[in-house]
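The values are calculated or read from the model by the stated rules, or taken from the named source; none is laboratory data. Bear in mind the structure is a predicted one, so any value in this text is a computation, not a measurement. No Cβ is skipped: glycine too gets one built from the backbone with ideal geometry, and neighbour counts run over all protein chains shown. For accessibility, only protein heavy atoms count, side chains too; no ligands or nucleic acids. Shrake-Rupley method; radii C 1.70, N 1.55, O 1.52, S 1.80 Å.
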Amino acid sequence: MGDRDRSEKMNFLVPGLPDKIEMTMSELPEKSSATSEFAKLMERIRESEMQSYGAIINSFYEFEPAYANHHAKVMGRKAWQIGPVSLRNVDPVDKAQRGKTSSVNEHCVLSWLDSKKINSVLYICFGSVSRISNNQLVEIAMGLEDSDVPFVWVIRKLENDEKQMPLHEGFEDRIKGKGLIITGWSPQVLILDHPAVGGFMTHCGWNSVLEGITAGVPLITWPVFGEQFHNQKFVTEVARVGIQVGVEKWNFWIDGKNVSVKKEKIVKAVTQLMSSDGEETTEMRNRVKPLSEMAFTAVKEGGSSYTNLTALIEELKNKYNMT
C-alpha cells in the first residue's frame, strides 16, 4: 500500500458536530478534474444558500434535534423542517407515482409481497442518479443469491441504448419466486410500507433514507457520491438504524469494470440485517420503529413539521404582505 493509499484510509475527526464523527479522505470528493463539475455545482449551491431567505428541509425535528439546533446556532440561518414530505401523499396512487409514473404494475408488486413473510424481504435501490457498473451488478446478484433472502431489486436502465451485461448466468431463472427485479422507476414508498419488507439497501440519498426510516425499516448503507457518506454516518453511528456494506471510496462516475464491494461483504451485510433472531437487528428495529411513529406524528396537525410549515407560510405572507 502506497503512502497516498494509507493517508486516504486514515480516520480524521470531523470538527464542530454534536457527535464524534470520523471519516476518511477516500470518503470525500477528490479535488481533481474528474469531480470539478461536481465541485462547481456544490459551490453554486452554497452561494445560493447563503443568499437565500432560509432553507426548507425534508426532515423532522425529532429525527435529528441536535443537528437542527446546531444548524440554527452555527449557521445563524432560518430553516424549516417540514418532512417527511413522502407522508404528504396518503393516497396509494400518489405514493405509487412519487416523482414519476412507476415502470411496473404496483398491484403485481404488492401481490408478490403479500406472499412473503413479515420482515423477510430486502428492498434494494440506488436511486435515480447513482451509476452502478456492470461488474458490480454481477457481484450484487451473486451476493443476493448466496444470501438466500427474498428481495426486490431496482436496476436502473442504462441510457443511450448501452448494452447491459447479464447479471449472472441463469440468475433470473434461479431466483424465480425468491426475487423480483424492477427496471426503471419503482413505487418505492409503497414497497417500503409493505409489512413483508424488513430491510432497505440504499445509496443513502436523503430522500431514500427518510423514506426508509418513515417506513420503520432498518438500512444497509451503500453510499456512492454527494453527501451520501455523511448520511451513512448519521444512519449507522448517530441514529444507529443501519449497517454499512463496506464502501470505502467516493465515486462520481463509475467505469464498467469498477467493483467497490465484493459479494462476500454483500452476503455478510444482508445476512446480518435480515436475520430474524439476531440481537443487533432486533435492536435496530426497536430503534427505527419509534422514529417512524414520530415521523407520522410530526406531519399531523400540532406536530413539529405541521407547525413549521404553518409558521413558514405565515412568515412569508407577512414578509410579502400577502393575504
* Can you tell me which residues in the range 7-17 are open to solvent by 60 Å² or more (accessible area, probe 1.4 Å) and either of a type in the set (Phe, Trp, Tyr) or within 22 Å of the chain's Cα centre (by Cα) (or both)? -> 12, 17
* Asked: What are the residues in the range 123-148 that are of a type in the set (A, V, I, L, M, F, W, C), open to solvent by less than 20 Å² (accessible area, probe 1.4 Å) and over 20 Å from residue 232 (Cβ atoms), if any?
  -> 137, 141, 144
* Considering 217, 224, which residue is of a type in the set (Val, Ile, Thr), in a loop (DSSP other than H, G, I, E, B), farther than 21 Å from residue 141 by Cβ and in contact (Cβ under 8 Å) with a residue 12 or more places away in the chain? -> 217
* **Failed item in (1) at pLDDT 95 or above; (2) open to solvent by 70 Å² or more (accessible area, probe 1.4 Å); (3) assigned to a helix (DSSP H, G or I); (4) in contact with a Leu (Cβ under 9 Å, 6 or more places away or on another chain), with residue 280 passing the rest** => (1)
* Any idea which of 249, 289 is within 19 Å of the chain's Cα centre (by Cα), open to solvent by 60 Å² or more (accessible area, probe 1.4 Å) and over 30 Å from residue 29 (Cα atoms)? -> 289
* To do: Only residues that are surrounded by 24 or more Cβ atoms within 10 Å (Cβ to Cβ) and in contact with a His (Cβ under 6 Å, 6 or more places away or on another chain): list them for the range 197-227, please.
  => 222
* Does the range 249-261 contain any residue that is touching a Pro at 6+ places or on another chain (Cβ under 8 Å), in contact (Cβ under 8 Å) with a residue 24 or more places away in the chain and part of a helix (DSSP H, G or I)? -> no
* Structure fact -> For the range 78-107, pairs from a residue that is among the aromatic types (Phe, Trp, Tyr) to a residue that is modelled with pLDDT of 90 or more and open to solvent by 70 Å² or more (accessible area, probe 1.4 Å), with Cβ under 9 Å and 6 or more apart or across chains, are 80/56
* Asked: Yes or no: residue 93 modelled with pLDDT under 80, under 22 Å from residue 292 (Cα atoms) and either over 20 Å from the mean Cα position of the chain (by Cα) or outside any helix (DSSP H, G or I) (or both)?
  -> yes
* Structure fact -> Taking the range 109-134 and keeping only residues that are aromatic (Phe, Trp, Tyr) and either in a helix (DSSP H, G or I) or over 15 Å from residue 198 (Cβ atoms) (or both), one is left with 112, 126
